[in-house]
Amino acid sequence: MLKKCDDKLEFSKEENNRYILKLKDIKKAIIFLKEQQGYDFLVDITAIDYLNYKEPYPKRFAIIYLLKDKKFDNLIILKAYLDEDEIIDSITDLFKAANWSEREVWDQYGLKFKNHPNLKRILNHKEFIGHPLRKDYPITKGQLCTKTDDLMDEMTPRLKARGYENHEELMFLNLGPAHPASHGTIRTFVALEGETIVSAVSEIGYLHRGFEKSCENHTYNQIIPYTDRLNYCSAILNNIAFAHTVEGMLGVELPERGQFIRVIIGELSRVIDHLVCLAANLVDMGALTNYWYLYNPRETAYHLLSKLTGARLTNSYMRIGGITHDLYDGFEDDLKECIKDVQKGMDDSLSLIEHNRIFQDRAQNIGVVSADEAINRGWSGPNLRASGVNYDIRKVNPYYFYDTFEFDVALGSVGDVYDRMMVRFEEIRQSIKIITQAMKRLPKGDIRVADHRITLPPKKMVYSTIEGAINQFKLTYEGVKVPTGEYYRSIEAANGELGFYIASDGSGTPYRVKVRPPCFFAMSSLPDMVEGEMVADAVLDLGSLNIIAGELDR
Amino acid sequence: MAVSGEEAIFGDSVITTKLDSAIAWARESSMWPYIFGTACCAIEFMSVASSKFDISRFGAEVVRFSPRQADLLIIAGTISYKQAPILKRIYEQMTEPKWVVSAGACACSGGFYDNYTTLQGVDEIIPVDVYVSGCPPRPEAFLEGLIQIQKLQAKPGKYLQKRVEKEFKGKLDA
Ligand code: SF4
């Protein structure tokens, strides 16, 4: 496709629609793709450090861009090699989504971008020295932080742009990181004129837990528990996203029953996630009763999950190439009970708010984000759909038989807090529809891939055959051997497009794992959303985006 | 109970005790927690507070969002180095007598995040009274942590006094 570009780009094409370009041509290619080919959705930007790679690469680092087109079904990957001292052209002028992503690349790898508005650290603290995702940075080398950033370096230019030269009239206020309405540890620093926010800056990274570095030090199956803790409100969906990506690299597919179980439990997780989001949102609005209505059914679901997986929250229910164990006897009845509870809670809550003037006034036309803006910012999931963009990976790139289930995609029309909440209510309904259909059609059979280089052999085989013993030993000690290559795959998680970009060197431990966290892109728009609004609205904006710190900061 | 001496004059209407014990008894059943919830553990705390597990059965449902009004700090979640100075400041803003529960593997020891960004246990920066295990702890375990604190409180005077007098020096106090 790049051949059509007038600028005569030099490139070579690799597998998975990946193009290798010269660093200086990257921006030209992106402009061409965006303006002439309709690739206007920036999925992610990431980098890889090839220092310890088994074969030498032309240069130490690579920078990688992932883009999708208007219909969201074509993914293109652009990649360029560079050394530490080379400078990359920033694409923040093309995609607002690039702003924070480029900062992350700088923070984690120390690669510089030209013309970036404010290239500073984002996940690690200000006093941090070095770049942790470089292969020569030791994983356990922690660095103390003694002070918090005052953020005035970001605030002053923003205020200036709005015509505030001196700040005497303004009041500065921190919303977070330790604040009841900050939903975890997110900090938004605002400048107020009366109760109106004239300028805002968000700081994240308070829950940066080194997920990606930890991945490089564990085998594929050992990473599953780490994925639980990305979006901990719907742990199983993260498990699925990761396992699904690795299975794609291995070129295997789960047996039908396995796929159906993933659909059922995955959708149930989506329901729980939305319930927590809505409950918290309504509490922020002062509608406390809804919290109980929406929260208690979640308790039933947790009970079911702990019966099924042994844990309430951090389930680790998936494995590469399978599922830990099959559904238990009586699961169907428990599930029915659970769905009944959810429906009741939802109806109760909706009956309180749906036609409630206070709720509508509070939520409508607050934090409006247009469709174009949302796409440019890299939004996905319910937030994007609330702005009226019909993008649901379950429909666009169906996996696990999603194309055979009957369900609707809920869309909003305005893109305000109200739409984002109502879309979630509707999605709960649709998920229940999918669960019911999947339960009816649930086939019998295996839940794991039969290849014992990928999934553990049955215990009987381990104890009685030499082959089984070897399989067990190798899988446990060395991990699943994933073929050399780089690969991206994503699923529709509760918050949107949750994808993994994995680079493998053929061993049982990934060489590099990059998560594409949907929250990250939603959160980067918060400062612009809240400017001009009241403080109380900022709280709703944040809540309606459903920012989960674990996924945001990783 | 048969009472003799002066107390007998009042019959059953008066109980005599030490002032310390009376205060401890009152405090014990009305703890005001401040939740320093950062991660997954905080989601489980939400369950502790909601109707099924109901922390108010133990008199600790008045969750405060200002450290100045709280006497129990519950740390639920991973504390990163970036977060550490904030946690310390919140702890310092609480007035004595104050108690600290470190809930979950991460807060207690860094959990399975043995890496460049995670503090390997909050006791590196502030003193901790009770550790609750689990990743995340089940709601019952959270409640058990609270009960443990109540037990410590019931020990009149001494425990707290000892702790306040013992100088704590954390990594950020240097
Ligand atoms: S202890 Fe486990 S559940 Fe709790 S914050 Fe840490 S990782 Fe999350």
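Annotations
- Segment B:85-106 residues that are within 13 Å of another protein chain (Cβ to nearest Cβ) and within 13 Å of B:ILE74 (Cβ to Cβ), paired with ones that are away from the ligand (no atom under 16 Å from the Cβ) and basic (Lys, Arg) (beta carbon under 9 Å, 6 or more apart): B:TYR91/B:LYS98; B:MET94/B:ARG68
- Take the conditions (1) surrounded by fewer than 23 Cβ atoms within 10 Å (Cβ to Cβ); (2) within 14 Å of chain B (Cβ to nearest Cβ); (3) touching a helix residue (DSSP H, G or I) at 6+ places or on another chain (Cβ under 9 Å); (4) on the phi > 0 side of the Ramachandran plot; A:GLY310 misses just one of them, which is (3).
- Any chance B:SER80 is within 15 Å of the ligand (Cβ to nearest atom), small (Gly, Ala, Ser) and more than 13 Å from chain A (Cβ to nearest Cβ): no
- Restricted to segment B:5-59, the set of helices (runs of 4 or more DSSP H) holding at least 2 residues that are within 16 Å of the ligand (Cβ to nearest atom) and in contact with a Lys or Arg (Cβ under 9 Å, 6 or more places away or on another chain) comprises B:40-49.
- Residues satisfying the stated conditions in segment B:41-77, i.e. open to solvent by less than 10 Å² (accessible area, probe 1.4 Å) and at the interface with another protein chain (Cβ under 8 Å from one of its Cβ atoms): B:GLU44, B:SER47, B:SER50, B:GLY77
- Residue check for A:PHE359: without any contact (Cβ under 8 Å) to a residue 60 or more places away in the chain and either open to solvent by less than 20 Å² (accessible area, probe 1.4 Å) or under 22 Å from A:PRO443 (Cβ atoms) (or both): no
- Here B:SER29 meets the list (1) facing another protein chain (nearest Cβ under 10 Å); (2) in contact (Cβ under 8 Å) with a residue 12 or more places away in the chain; (3) among the small types (Gly, Ala, Ser) almost entirely, failing just condition (1).
- Selection status of A:THR324, away from chain B (no Cβ under 14 Å) and polar (S, T, N, Q): yes
- When restricted to residues that are surrounded by fewer than 21 Cβ atoms within 10 Å (Cβ to Cβ) and within 16 Å of the ligand (Cβ to nearest atom), segment B:89-107 contains 0.
- Figure legend. Inter-residue proximity from segment A:138-154: first residues more than 8 Å from chain B (Cβ to nearest Cβ), second residues open to solvent by 30 Å² or more (accessible area, probe 1.4 Å), beta-carbon distance below 7 Å, spacing 6+ or different chains. Indicated pairs: A:ASP149/A:LYS126; A:GLU154/A:ASN118.
- Search result, residues across segment A:111-137 that are among the aliphatic types (A, V, I, L, M) and either buried (at least 18 other Cβ atoms within 10 Å of the Cβ) or more than 13 Å from chain B (Cβ to nearest Cβ) (or both): A:LEU111, A:LEU119, A:ILE122, A:LEU123, A:LEU133
- A:LEU237, sole failed condition from (1) within 13 Å of the ligand (Cβ to nearest atom); (2) within 15 Å of the chain's Cα centre (by Cα): (1)
- Residue that is farthest from the other protein chains (Cβ to nearest Cβ) [pool: residues in segment B:134-149 that are open to solvent by 20 Å² or more (accessible area, probe 1.4 Å) and within 13 Å of B:ILE55 (Cβ to Cβ)]: B:ILE147
- B:THR117 within 12 Å of the ligand (Cβ to nearest atom) and within 22 Å of A:ILE223 (Cα to Cα): no
- Among the residues of this structure, A:ALA301 counts as one that is part of a helix (DSSP H, G or I) and surrounded by fewer than 24 Cβ atoms within 10 Å (Cβ to Cβ).
- In segment B:121-133, the residue that is nearest to A:PRO225 (Cα to Cα) out of those that are within 13 Å of the ligand (Cβ to nearest atom) and surrounded by 19 or more Cβ atoms within 10 Å (Cβ to Cβ) is B:VAL132.
- In the set (1) assigned to a helix (DSSP H, G or I); (2) under 28 Å from A:THR455 (Cβ atoms); (3) of a type in the set (S, T, N, Q), A:SER316 fails one condition alone, (1).
Residue-by-condition table, conditions (1) in a helix (DSSP H, G or I); (2) more than 15 Å from the chain's Cα centre (by Cα); (3) of a type in the set (Asp, Glu); (4) farther than 17 Å from A:ALA97 by Cβ:
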position	(1), (2), (3), (4)
A:ILE366	no, yes, no, yes
A:GLU373	yes, yes, yes, no
A:LEU384	yes, no, no, no
A:VAL389	no, yes, no, no
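- Only listed residue being more than 14 Å from every other protein chain (Cβ to nearest Cβ) and open to solvent by less than 10 Å² (accessible area, probe 1.4 Å), chosen from A:LEU268, A:LEU294, A:LEU282: A:LEU268
The values are calculated or read from the model by the stated rules, or taken from the named source; none is laboratory data. Computed from a predicted structure; not experimentally measured. When we count neighbours, we look across all protein chains shown, and the Cβ atoms used for this are built from the backbone with ideal geometry, even at glycine. Note: accessible area is taken over every heavy atom of the protein model, side chains too, but ligands, DNA and RNA are not part of it. Shrake-Rupley method; radii C 1.70, N 1.55, O 1.52, S 1.80 Å.
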